[in-house]
Amino acid sequence: MWAAADPPPRAGNAVEVLIAGAAYFAAVADAISSARESVHIAGWCLTPEFALLRDEPPLLLRELLAEAAERVDVRVIVWAGAPVPAFSPRRASVRESSRRLTDGTRIRIACDRYERPMHCHHEKLVVIDGEQAFVGGIDMTSLAGDRWDTPEHPARGRLGWHDVATHLRGPAVGDVADHVAARWSAVTGEQLAPPPLPSVAGDVDVQVVRTLPEKLYDFAPRGDFRIIEAYVRALRTAEHLVYLENQFLWAPEVTSILADKLRSPPSDDFRVIVLLPGRANNGEDDTRGQVALLTDADEQGGGGRFLATTIVARRGGTVDPIYVHAKVGVVDDRWLTIGSANINAHSFYNDTEVNLVFCDPELARDTRLRLWASHLEREVSEVAGDPAAVFDELWLPIAREQRERRDRGAVATHRLLELVPKSRRADRLLGPLQSLIVDG
């Protein structure tokens, strides 16, 4: 189920899956503090004053990078921002945040304007010394929401945040480093010397896949669309379980495969769970329209195999939304992807994105169980049984009960909440416009 073409899967890697921003930012801060040669960052948006660690005093991103830049090469490449002021981040605000980050420091920053109209550079990458990389969905910014959160999702303000990233060591780091270096060279004209190929660090096979629109960069004139290829290859093989966490669910290339399988289930224990935001920051009708399509397909196939859900933060009688920003896919506990790509046309065709793909049953199952334990408010041992049974006995009844409680105005007693589908009439009218809006 690997994607075709280069780079191929790399053997000999070590991978740690970091669930929630608190773990991710702590690991990134430690890696930057220990850097010996270089720190290279590629992101959608960056806030210089973002607090990576929430101790007293907090550790701010600018302070950490400025200190590192006194001893190692620190380079940051960010999206230049939306050329139309109606969307965020605006180009003027990106210029201002870049100034605040670099003034009085040795930090070097490049703002990448090589974008398709109304699209962006969406990947979230940190490469340290060419030996370790962080790849996932977590931005080092407070724009649109505070990314610092924990798997327990304590109520913070009025919006929580769920996200996932990876800490990678081994030969596959070289592919991430090469991608960042290629973008830096394309924007600045400066060639970066390639670091030595990282040595073997573990026993996990990893493939780095990405989205690059065609005619965007000279180093990839035909583009690179292997993230959608990876999803399609994996989903077509699904026989028992598809579990997706994502900010959006727009892509018909994905939903059509799932709908076909729900109409004609490949096995009695086939189940599909999608974890989404309760209300996405754009394209809500697109996502709920696809949920309606999958719900209809499930009913045609006998029903009871599909669940669309979200999670909330509870404190007493107060319920606050948790913004699901993770980009995770698990198929049959043998295929796993984590990265920056959403399930929509932006991420599959028009934005720059980077995902990691693993065909590793132990890692896929362990990641799924950790996520399920958090969302179901159970111990890992309580969700480690047959996935279909856990779906039938926990996921579906809990999410449905909480939705019914909300509908009648009762106090929520659990984190899960079923998402109900919407009519697709609004989708037909608004979809073409919303498909142009920047993801975030």
- Criterion (over 27 Å from the mean Cα position of the chain (by Cα), more than 17 Å from residue 400 (Cα to Cα) and in contact (Cβ under 8 Å) with a residue 60 or more places away in the chain) met by exactly one of 285, 269: 269
- Output for Cβ contacts, cut-off 6 Å, separation at least six or different chains, first residue under 30 Å from residue 200 (Cβ atoms) in the range 106-131, second among the charged types (D, E, K, R) and buried (at least 21 other Cβ atoms within 10 Å of the Cβ), reads 123/353; 124/139
- Task: Kindly indicate whether any position in the range 245-256 is within 19 Å of residue 398 (Cα to Cα) and either open to solvent by less than 10 Å² (accessible area, probe 1.4 Å) or touching a Phe, Trp or Tyr at 6+ places or on another chain (Cβ under 9 Å) (or both).
- Result: yes
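Residues that are in a strand (DSSP E or B), open to solvent by 30 Å² or more (accessible area, probe 1.4 Å) and either among the hydrophobic types (A, V, I, L, M, F, W, C) or free of Cβ contacts under 8 Å to residues at least 24 places away in the same chain (or both): does the range 1-9 have at least one? First the steps, then the outcome.
Step one: list which residues in the range 1-9 are in a strand (DSSP E or B), which gives none.
For the range 1-9, residues in a strand (DSSP E or B), open to solvent by 30 Å² or more (accessible area, probe 1.4 Å) and either among the hydrophobic types (A, V, I, L, M, F, W, C) or free of Cβ contacts under 8 Å to residues at least 24 places away in the same chain (or both): absent.
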- Run residue 383 past the list (1) under 16 Å from residue 330 (Cα atoms); (2) out of contact with any helix residue (DSSP H, G or I) (no Cβ under 9 Å at 6 or more places or on another chain) and report the number of the one that doesn't hold. (2)
- Top-ranked residue in the range 252-292 [being touching a Lys or Arg at 6+ places or on another chain (Cβ under 7 Å) and under 15 Å from residue 307 (Cβ atoms); ranked as modelled with the lowest pLDDT]: 288
- Task: Look through the range 24-56, keep the residues that are free of Cβ contacts under 8 Å to residues at least 12 places away in the same chain and over 21 Å from residue 69 (Cα atoms), and return whichever of them is least open to solvent (accessible area, probe 1.4 Å).
- Result: 55
- Can we say residue 204 is among the β-branched types (Val, Ile, Thr), farther than 14 Å from residue 40 by Cα and touching a Pro at 6+ places or on another chain (Cβ under 6 Å)? no
- Message: One residue is enough: does the range 95-103 have a residue meeting the conditions within 19 Å of residue 50 (Cβ to Cβ) and in contact with a helix residue (DSSP H, G or I) (Cβ under 6 Å, 6 or more places away or on another chain)?
- Response: yes
- Note on the structure: residue 68: passes all of (1) open to solvent by 10 Å² or more (accessible area, probe 1.4 Å); (2) touching a residue at least 24 places away in the same chain (Cβ under 8 Å); (3) not polar (S, T, N, Q); (4) not in a strand (DSSP E or B) but (1)
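Counting only residues that are open to solvent by 10 Å² or more (accessible area, probe 1.4 Å), give me the strands (runs of 3 or more DSSP E) lying completely in the range 330-424 with at least 1 of them.
416-418
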- Task: Determine which single condition residue 362 fails, assuming it passes every other condition in (1) under 18 Å from residue 1 (Cβ atoms); (2) touching a Leu at 6+ places or on another chain (Cβ under 6 Å).
- Result: (2)
- Message: So, in the range 93-118, how many residues would count as being of a type in the set (A, V, I, L, M), surrounded by 17 or more Cβ atoms within 10 Å (Cβ to Cβ) and outside any helix (DSSP H, G or I)?
- Response: 3
- Considering the range 168-207 alone, what residues qualify as being more than 27 Å from residue 218 (Cβ to Cβ), part of a loop (DSSP other than H, G, I, E, B) and open to solvent by 20 Å² or more (accessible area, probe 1.4 Å)? 199, 200, 201, 202, 203
- Task: Determine if the range 274-284 includes at least one residue that is within 26 Å of residue 158 (Cα to Cα) and in a helix (DSSP H, G or I).
- Result: yes
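Across the range 157-167, what is the number of residues that are modelled with pLDDT under 95 and open to solvent by less than 20 Å² (accessible area, probe 1.4 Å)?
1
The values are calculated or read from the model by the stated rules, or taken from the named source; none is laboratory data. What you are looking at is a predicted structure, and each value in this text was computed from that prediction instead of being measured. All Cβ positions, glycine included, derive from the backbone under ideal geometry; neighbour counts span all protein chains shown. Keep in mind that these areas ignore ligands, DNA and RNA; they rest on the heavy atoms of the full protein, side chains included. Shrake-Rupley method; radii C 1.70, N 1.55, O 1.52, S 1.80 Å.
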